[in-house]
1. Working only within the stretch B:163-194, note down all residues that are within 14 Å of chain A (Cβ to nearest Cβ) and either open to solvent by 30 Å² or more (accessible area, probe 1.4 Å) or within 16 Å of ligand 1 (Cβ to nearest atom) (or both).
2. Name, by its number, the condition in (1) open to solvent by less than 30 Å² (accessible area, probe 1.4 Å); (2) in contact with a Leu (Cβ under 6 Å, 6 or more places away or on another chain); (3) polar (S, T, N, Q) that does not hold for residue B:136.
3. Do we find a residue being facing another protein chain (nearest Cβ under 8 Å), open to solvent by 50 Å² or more (accessible area, probe 1.4 Å) and of a type in the set (Val, Ile, Thr) anywhere in the stretch C:67-84?
4. Report the residue count in the stretch C:47-64 for those that are exposed (fewer than 15 other Cβ atoms within 10 Å of the Cβ) and not aliphatic (A, V, I, L, M).
5. Could you count how many residues in the stretch A:165-196 are assigned to a helix (DSSP H, G or I) and either open to solvent by less than 20 Å² (accessible area, probe 1.4 Å) or in contact with a helix residue (DSSP H, G or I) (Cβ under 7 Å, 6 or more places away or on another chain) (or both)?
6. Check every one of the helices (runs of 4 or more DSSP H) wholly within the stretch A:67-158 and list those with 1 or more residues that are among the β-branched types (Val, Ile, Thr) and crowded, with 24+ Cβ neighbours inside 10 Å.
7. From the residues in the stretch B:16-33 that are within 14 Å of ligand 2 (Cβ to nearest atom) and outside the structural domain of residue B:191 (by TED's automatic domain parsing), which one is nearest to residue B:227 (Cα to Cα)?
8. Select from the stretch A:235-269 the residues that are touching a helix residue (DSSP H, G or I) at 6+ places or on another chain (Cβ under 9 Å) and polar (S, T, N, Q) and list them in ascending order.
Amino acid sequence: MSQTDFKQKYPQIWKRFTPAETLVRYIWYGGIVFIAVWSVSNLDIPWFYFLDAHVQAADLITRMIPPYWPFFLDIIQPLVETLHIATLGTVFTIFLAFPVAILSARNTTFNKTTWFIGRFILVTSRSVNTVVWGLLFVAIFGPGPVAGIFSVAARSIGFVGKLIAEAIEEIDVGAVEAIEATGASKLQILLIGVLPQVMPIILGTIIYRWDINIRESTVLGFVGAGGIGIVLYSSINLFAWHEVSVILVSIFGVVILSEYLSIKARARIT
Amino acid sequence: MFIIKGLSKTYPGGVTALEEINLEILEPQVVMVIGSSGAGKSTLIRCINRLIEPTTGSVQLNEVEITTLGKTGLRKARRRMGMIFQEYNLVDRLTVMENVLSGRLGYVSFLQAYRRKYGPEDISAAYELLDRVGLTENCNSRADALSGGQRQRVGIARALMQRPDLLLVDEPTASLDPKTSRQIMRLIVELASERGTPALINIHDVALARSFADRIIGLARGRVAFDGTAAEVSDQVLTEIYGEEDWSATIKNDGSDSSGDENLLSKIEKESSAG
Amino acid sequence: MSYPTTWQPPRFFTNPYVRYGVILGVLGYFLLSFLTLDADWQRTLKGIPRAIDIFQRMFPPNFSRWEILVRGVLESVQMALAASFFGMIIAIPVGICAANNLVPKPIYYIGRAFLGISRTFHSIIIAIFFVKIFGFGPLAGVLTLIVDSFSFIGKMVAEDIENMKPGKLEAIRATGASFPKLLIYAVLPPVLPRYIGVSIYRLDANIRHSTVVGIVGAGGIGQTLAASFSRYDYGFSLAILMTIVSLVFLGEFFSNWIRAKLR
Ligand SMILES: Nc1ncnc2c1ncn2[C@@H]1O[C@H](COP(=O)(O)OP(=O)(O)O)[C@@H](O)[C@H]1O
Ligand SMILES: [Mg+2]
């Protein structure tokens with residue numbers, strides 16, 4: 001080994017990064033800051049709004065307190081409707097997500113075309129937000145909870161289906177092969193070999209999604225798709241802040257309760 | 001009964017796992033296939049029921065050519081072949097009974113399978129098999145609650161539920177301890193002869209093969225290197241199948257299978273199954 | 001000896017009263033919830049012909065006003081980028097405040113409360129409040145996404161800090177290090193990789209969310225989409241939806257790519 005080789009291999013000063021690496025790192029930092037500055041400056045943000053923002057915010061809060069509690073009686077029905085939208089939408093999802101997941105999992109799909117169809121449904125369902133689905137279904141079914149139920153289901157299929165498809169791709173193929181070797185049909189293989197293996201994932205994901213859907217259903221009313229969101233939207237637009245605070249507190253309660261139930265239920269699945 | 005002619009398999013990667021295999025089983029006998037790992041034992045078994053598609057050659061079971069069958073025909077043919085796996089391959093979250101009954105899936109409709117509605121003769125046959133393999137008590141436990149040996153017993157019952165014309169068995173004891181291995185192997189061999197079902201059994205343990213086989217086939221690099229009785233397996237044969245090694249101990253130890261050593265083992269077995 | 005000819009799989013509810021009670025309860029719930037649904041069934045039934053009509057008007061998607069589309073998409077992306085940047089920064093102090101092994105109890109509760117906001121209130125509810133304070137436009141959207149981001153990233157940071165082995169903190173504390181030094185030497189190294197990973201994931205999530213906050217007037221492509229629906233301009237709506245789907249797809253692809261690169 002020559003002298004220079006040796007020096008290159010064992011430098012006298014230890015540094016975490018070589019100069020080139022350091023340069024690359026600084027270029028990354030610079031790039032990130034540049035993108036942030038470019039983004040903010042392009043958004044035409046009216047900075048002077050910030051001058052009285054704290055006043056506005058404080059004003060809002062003082063108007064919301066104390067909440068006008070009797071209003072709670074008026075929102076029981078919309079709150080229950082919110083729960084119905086989330087629950088019924090999730091139930092629809094149960095029946096739709098498993099077939100779509102089977103199409104989207106490489107080891108259970110029928111051919112390239114069905115795989116592509118499955119993936120397309122998953123991607124479309126997931127990239128469109130529940131509320132955007134709401135816009136579409138309100139246009140189709142008119143305003144009301146039916147549009148809400150469809151929106152919840154349309155969005156949840158992608159979420160639940162993707163997780164089930166991933167679980168299907170990781171199942172024990174041995175058991176599936178054994179069922180196949182008995183001369184079972186393709187549908188029987190799915191039913192006896194695949195379904196039991198992914199059942200805990202299906203149940204867990206469905207319950208988890210139900211909990212998320214409760215939160216989603218609280219705002220579907222903003223586009224007219226039923227639930228507490230309708231009341232919240234109109235109270236805000238009427239500047240009825242004492243009512244708004246009652247609504248927020250009840251949403252908070254419902255969401256916390258559903259999260260608690262969902263965690264409890266998921267812990268029981270084995 | 002069962003005839004393989006010129007069976008070859010070349011995997012997409014270019015590995016030739018089987019080359020021109022010829023094999024006939026014309027009477028109900030237990031045929032053990034020995035060979036080092038990678039010799040092509042699993043490939044052979046899987047090419048028979050087409051879990052792996054063979055490249056060329058012919059496989060006939062009771063005058064039915066299997067290699068050219070369409071989807072429905074293949075399903076019908078698979079119903080006639082019971083398969084037992086090294087890793088048991090049970091559906092873990094189903095009960096023992098459901099696993100055993102799944103051997104009848106080829107004969108019931110989707111809806112019946114969904115409602116677990118099997119015919120009364122199927123159910124009594126399942127109870128009988130569970131009794132035979134000693135798992136009557138466990139019929140409602142989940143498969144993943146059982147020990148390895150018990151799981152393999154469920155696998156055996158599932159294969160026999162098919163009332164097969166041929167048993168395909170791929171290293172049934174490779175994941176079990178020596179004592180359980182012998183018990184399981186004895187169970188398979190006994191059941192096969194009780195029912196007059198020929199069995200093709202892959203195994204890497206030469207000693208075990210010699211003590212239970214009617215006939216032994218040696219596979220080396222995808223070719224049949226030996227075909228004869230257990231007694232004919234000599235030093236030279238083993239060298240041909242596995243390569244150079246000192247085989248004297250292997251041959252001596254189980255040449256004397258029917259004597260003392262075996263009696264001791266069966267004594268232990270009886271004690272443990274009684275307890 | 002003859003063997004039984006029937007077999008029942010073990011039931012989830014062994015008691016038949018409980019079993020039928022549960023089945024009745026579930027059926028009853030569905031019946032009741034359908035009956036009490038405040039729905040105009042006649043209008044709903046018209047939905048099928050209407051859906052066909054809408055789909056017919058959606059095709060072919062109308063990309064003729066692509067300048068508006070591009071402006072909306074650019075605004076959404078910029079909102080997402082800016083929000084990710086500030087969210088990442090704010091997440092650090094909030095995350096530290098919400099880690100109970102690092103700060104005193106009162107600060108911990110305040111930190112947790114901050115993180116809880118966006119976990120209980122949907123971002124659209126938060127957006128509408130920002131719209132009320134700052135008026136319509138992307139500013140309200142950016143602020144909403146910032147709240148979303150810092151509570152999401154902050155929660156991860158707090159959890160990571162809390163999951164650190166207690167010995168590590170003690171060892172550095174024992175050297176007499178000050179609080180900032182404690183953060184740099186004990187907290188930063190184990191937390192950093194996941195912090196970056198989660199932040200990149202959040203960028204991807206922000207791109208998805210930036211397409212909806214516009215529905216209540218908080219800027220971005222969502223505002224354009226809501227407007228197109230209210231004008232029954234379905235051809236344009238489909239064009240926007242297709243753009244959103246491909247944008248989300250690109251965002252996910254980009255985020256996966258970077259995360260794979262960092263690993
Ligand atoms: N799915 C596969 N793809 C490619 N090569 C394979 C595959 N399965 C087995 N092989 C190869 O085929 C040969 C025989 O394998 P196998 O039948 O599993 O042998 P054995 O069961 O005797 O150990 C080995 O060389 C193995 O590497
Ligand atoms: Mg093998």
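The values are calculated or read from the model by the stated rules, or taken from the named source; none is laboratory data. Since we're looking at a predicted model, the values are computed, not measured. We place every Cβ from the backbone using ideal geometry, glycine too, and count neighbours over all the protein chains shown. Protein only, heavy atoms only, side chains kept; ligands, DNA and RNA dropped before computing areas. Shrake-Rupley method; radii C 1.70, N 1.55, O 1.52, S 1.80 Å.
1. Within the stretch B:163-194, B:163, B:165, B:168, B:169, B:170, B:171, B:172, B:174, B:175 qualify.
2. Of everything listed in (1) open to solvent by less than 30 Å² (accessible area, probe 1.4 Å); (2) in contact with a Leu (Cβ under 6 Å, 6 or more places away or on another chain); (3) polar (S, T, N, Q), residue B:136 misses just condition (1).
3. No, the stretch C:67-84 has no match at all.
4. 9
5. Qualifying residue count, the stretch A:165-196: 19.
6. A:72-104, A:130-141
7. B:18
8. The answer is A:235, A:245, A:250, A:258, A:262.
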